[in-house]
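Below is one structure; the comments refer to it alone.
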Amino acid sequence: MEQQIPLNHQASAGDTNLRLTTELPAEVVQCLENARFLHLATCVGNQPHVSLMNYTYLPSSPYSASAPVIVMTTNPASKKMNNLVANPNVSLLVHDWVSHRPATTTQQRRLSGGSPGPEARSSLAALLFNLNTSAVSSISATINGSARLVERGSDEEKFYREKHLENNTFDTAAAPGGQLWERENSNSVRQQQPSEGDGGRGCFVAGEEVRVIVVAIRDVRIADWKGEIRDWVIAPPGTNLVNGSGDR
């Protein structure tokens, strides 16, 4: 029988280059600080469920013993809320990939036989089209942890809610014609679609009835665009790491 050759040089089914650390790797922190949404996976009764979530990353807080946490909010009647009550173990996926789908070869051939699309009408339009459809990627991080609902009306809930609202309030302004533009940084803005509104902030973050969820991070797996995989286990603050490197 012909020997099967793996797709890349590393197997992802075990602990690959496992390390112990008291803080998240710098590239994961940067990814969490730059991304706006993450995917939250919950599971009950062998039935997985994935949700797209607003979130806030905090490297430490008065309520987390100086450990990193991720804050989210949810409607108390949501499926993920029911899942979290039954099973607090969660997995989060965050990445810095720009993954707009480019035209396939078949689509390009079909377009070439008709009138030129908007991307071909000017060099600037073509440049913007190519930028928007390119898959610019660096890493994805799968974060495993334990989620808990913060006690309603507590000082802890007030603290996390304020941090979460602050992190999900964006600089928006009305442009001529009533269009909304969102400031992404000091040098660029992007147009908001009418259906996009505030990215769900009004109902998913600022609503009075939402419950605050805090995820204590247990471990993280980093995968880069080359297929390299690294695993990290988050140790409690003050843990003595071997030779300061965290290698296991």
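Structure above, values below:
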item: Where a residue in the stretch 144-156 is more than 12 Å from residue 83 (Cα to Cα) and free of Cβ contacts under 8 Å to residues at least 60 places away in the same chain and its partner, wherever it lies, is buried (at least 16 other Cβ atoms within 10 Å of the Cβ) and among the polar types (S, T, N, Q), with Cβ under 6 Å and at least six apart; result: none
item: Residue list for the stretch 82-92, filter: of a type in the set (A, V, I, L, M) and either part of a loop (DSSP other than H, G, I, E, B) or buried (at least 16 other Cβ atoms within 10 Å of the Cβ) (or both); result: 84, 90, 92
item: Restricting the stretch 152-174 to residues that are part of a loop (DSSP other than H, G, I, E, B) and either surrounded by 12 or more Cβ atoms within 10 Å (Cβ to Cβ) or within 23 Å of the chain's Cα centre (by Cα) (or both), the residue that is modelled with the highest pLDDT; result: 154
item: Leading residue by the ranking (surrounded by the fewest Cβ atoms within 10 Å (Cβ to Cβ)) among those in the stretch 65-81 that are among the hydroxyl-bearing types (Ser, Thr, Tyr) and either under 21 Å from residue 159 (Cβ atoms) or within 17 Å of the chain's Cα centre (by Cα) (or both); result: 66
item: Selection within the stretch 48-64 - in a strand (DSSP E or B) and either surrounded by 13 or more Cβ atoms within 10 Å (Cβ to Cβ) or small (Gly, Ala, Ser) (or both); result: 49, 50, 51, 53, 54, 56, 57, 58
item: Top-ranked residue of the stretch 14-47 - restricted to ones that are in contact with a strand residue (DSSP E or B) (Cβ under 6 Å, 6 or more places away or on another chain), aliphatic (A, V, I, L, M) and not in a helix (DSSP H, G or I), ranked as surrounded by the most Cβ atoms within 10 Å (Cβ to Cβ); result: 40
item: Selection from the stretch 50-77 of residues that are in contact (Cβ under 8 Å) with a residue 24 or more places away in the chain and more than 22 Å from residue 30 (Cβ to Cβ); result: 51, 62, 63, 65, 73, 74, 75, 76
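The values are calculated or read from the model by the stated rules, or taken from the named source; none is laboratory data. Predicted model only: the values in this text are computed from it and were never measured. As a convention, Cβ positions derive from the backbone with ideal geometry for all residues, glycine included, and neighbour counts pool all protein chains shown.
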